[in-house]
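The values are calculated or read from the model by the stated rules, or taken from the named source; none is laboratory data. The model shown is predicted, which means the values in this text are computed figures rather than measured ones. Virtual Cβ from ideal backbone geometry, glycine too; neighbours counted across all protein chains shown.
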Amino acid sequence: MQSILIKHLGKHVGEEVTVQGWLYNKRSSGKIQFLIVRDGTGLVQGVLVKKEAPELFDLAKGITQESSIRVKGIVREEPRSVGGYELTVTGLEVISMAEEYPISHKEHGVDFLMDRRHLWIRTPRQNAILRIRAEIEQAARDFFHQNDFTLVDSPIITPAACEGTTTLFELDYHGEKAYLSQSGQLYNEASAMAVGRMYCFGPTFRAEKSKTRRHLMEFWMIEAEAAFFDHEDNMKLQEELVYFIIQRVLERRRKDLEFLGRDISKLEAIQLPFPRLSYTEAVELLKSKGEEFEWGQDFGAPHETIISESFDAPVFIHRFPAEIKAFYMKPDPEDPRVVLGADLIAPEGYGEMIGGGQRIDDLKLLEQRIEEHKLPREAFEWYLDLRRYGSVPHSGFGLGLERTVAWICKLDHVRETIPFPRMLYRVYP
RNA sequence: UCCCCGAUAGCUCAAUGGUAGAGCAACCGGCUGUUAACCGGUAGGUUGUAGGUUCGAAUCCUACUCGGGGAGCCA
């Protein structure tokens, strides 16, 4: 069946076309009906006048919300109609009549909608978010491809914890214990030694009982790792990636941002380079804002919000105390108390968007750190091999996709940034 | 794991110790340009579960269940 997408209707003014989709809404008076059809690319209004097409008119009267339909009609420009175009209906076919649809056009609560997430994603608002998410994913892939990074997928089932810190989902791997990956990072380092510059993009899993608007049990991470990149190169790469993503979304998904009510000027105002603040400077900033804070403590979510609200762009906090960061972080040669790592904090209180840094490339030091962190050395032998066979300075980072989407769309919860969120106490549907 | 909050019609909510109600959705009818259309009508309830206080509980108390927000941890 030849049909056209609603987004392309403007190219067919005056022609008779067929649109296939679902009945989004219907309004009627005695002699005229308006059928609003959605197909995932937009909405269009079909008009039926009783005296001109009495049989179609009666058929339309019985069509329920979300029934799948095929509508033939002549395309007209019509400013009164959603999307600016309208179909004068000349043919109408019901593919499948929907039962009474649970999601109405009135307000609903989060619990109700989350239980019906498989239907909720049909709504225009959720459609817009999913399109922006897709655009961000595509932009990241394009960015890395253009910058000579090779996509190297990392495993999802892993034999041991990557960093030995967070709680992992455990699996029975044919009688052995295995875990769902919390990060591809260690594997990425191996891949970077193979192809020089690599990135990976996949789901990651955290079993912590986190219950906030910034957390999911299953989330997607865009990770990159590059040989011969130092800490400064790494931050530069991160800000260029984020900037590229913003520009791409502004260019290609502006309508969706507008539909969501996003204040676009805040995204347009973002410029390179992003502000950089050392941990020590960040502590001073917090103190100047009246916060009680000791050097050596880790930042909590409220601290990150205070820091991010002091800047209009995402802000790097770099050179954290070694004690509060992962074992593989390279110490700063100029001040060994701190490591050459940075977190990128999103504006407007969205929290940490990227975590990354330069990795230890010295075998002896890495062995020492594994011991200090009481990690099972056998599990890391292959990782130590990377320092035995042609070790080089290298750096990498991981960008949390859902937090990035939440910030760009200015949503109040990450659960709307992913089609089927996995949250504490919620794995259905 | 801890702290706070919530659960009443299919949905969103009201009823603050005294006869459980409204709007929307559904169904029936009306309306020739609707924009979450509008107007009239019909139907719809073991007030999350269990117990307690009381002449009387949706309302007060206890426990439980489910969920929401936040902390910690993190992206």
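A few points about this structure:
- Per the listing A:Y383, A:Y350, A:Y425, the residue uniquely of a type in the set (S, T, Y) and in contact with a Lys or Arg (Cβ under 6 Å, 6 or more places away or on another chain) is A:Y350.
- Residue match in region A:104-114 (condition: in a helix (DSSP H, G or I) and in contact with a Phe, Trp or Tyr (Cβ under 7 Å, 6 or more places away or on another chain)): yes
- Every residue from region A:172-201 that is farther than 13 Å from A:F149 by Cα and of a type in the set (S, T, N, Q): A:S181, A:Q182, A:S183, A:Q185
- Residues of region A:392-429 that are basic (K, R), in a loop (DSSP other than H, G, I, E, B) and within 12 Å of RNA strand B (Cβ to nearest atom): A:R422 alone.
- Region A:331-355 residues that are within 30 Å of A:A406 (Cα to Cα) and touching a residue at least 40 places away in the same chain (Cβ under 8 Å), paired with ones that are more than 16 Å from RNA strand B (Cβ to nearest atom) and in a strand (DSSP E or B) (beta carbon under 8 Å, 6 or more apart): A:L340/A:P331; A:L340/A:D332; A:A342/A:R276
- Candidates are the residues of region A:84-101 that are touching a helix residue (DSSP H, G or I) at 6+ places or on another chain (Cβ under 7 Å) and within 12 Å of RNA strand B (Cβ to nearest atom); the one that is farthest from A:K410 (Cα to Cα) is A:V89.
- Boolean, A:V195 is of a type in the set (A, V, I, L, M, F, W, C) and either under 19 Å from A:D361 (Cα atoms) or at pLDDT below 95 (or both): yes
- The numbered conditions (1) within 26 Å of A:F219 (Cβ to Cβ); (2) more than 11 Å from RNA strand B (Cβ to nearest atom); (3) in a strand (DSSP E or B); (4) among the β-branched types (V, I, T) are all true for A:I354 except (2).
- Residue ranges of strands (runs of 3 or more DSSP E) in region A:39-100 with at least 3 members farther than 22 Å from A:G14 by Cα: A:85-96
- Only one of A:E189, A:E239 that is touching a His at 6+ places or on another chain (Cβ under 9 Å), of a type in the set (D, E, K, R) and either surrounded by fewer than 17 Cβ atoms within 10 Å (Cβ to Cβ) or in a helix (DSSP H, G or I) (or both): A:E189
- Look at (1) more than 21 Å from the chain's Cα centre (by Cα); (2) assigned by TED's automatic domain parsing to the domain that holds A:N234 and you find that A:S104 fails only one, number (2).
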